[in-house]
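Below you'll find the structure, written out as structure tokens, and then a few comments.
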């Protein structure tokens, strides 16, 4: 199993903003997912953690110097279900904890479909349940690259401009993240260097782009009007 690595300096982070929109795998029909904290289908008996899971990647929220959240996500293959796991870092104890957060039947569902749509469903659930905002930056790519993380977030937080990440980047230089423990994560570290917001042109898409149309369709299915979807996509 690949273990997550928390970045200790800005140059360890993947490219955050100048990335294309990724293709969204078709959502299977049916896709009867169960997502949420302490939610699981009847008959599921959980071990202490997954066996040989696929590491999807890691994102972070940093609301203040003393209030942040680092989440690594994994998908594991069970006998009959795909399972989405959260591997959450507890900086008070300096350790990672497993939490099962999503399930869907494996029949006619690929790993790629499970990874995308379980994350979409879980973040949508948490957004509705606790008003979770768009993550502030991507800490690490793995099975999902930066463009795929951004596309998933775009589907979930379609009313919150993805360009809000630019503001988050300027905040990053002021965040002192406590990385408890020894060896792997170090002790107290600060991401001291400010992020350089490259004055690069915004990502643009040609009219009729299949990826753009695909993302627009996803936004329409999530309740946006045609005009709202088009206006939002112009902010990318």
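The values are calculated or read from the model by the stated rules, or taken from the named source; none is laboratory data. Predicted model only: the values in this text are computed from it and were never measured. When we count neighbours, we look across all protein chains shown, and the Cβ atoms used for this are built from the backbone with ideal geometry, even at glycine.
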Give me the residue from the stretch 126-144 that is out of contact with any helix residue (DSSP H, G or I) (no Cβ under 9 Å at 6 or more places or on another chain) and more than 14 Å from residue 73 (Cβ to Cβ) and, out of that set, surrounded by the fewest Cβ atoms within 10 Å (Cβ to Cβ).
131
Quickly run through the stretch 36-66 and pick out the residues that are within 17 Å of the chain's Cα centre (by Cα) and at pLDDT 85 or above.
36, 37, 53, 54, 55, 56, 57, 58, 59, 60, 61, 63
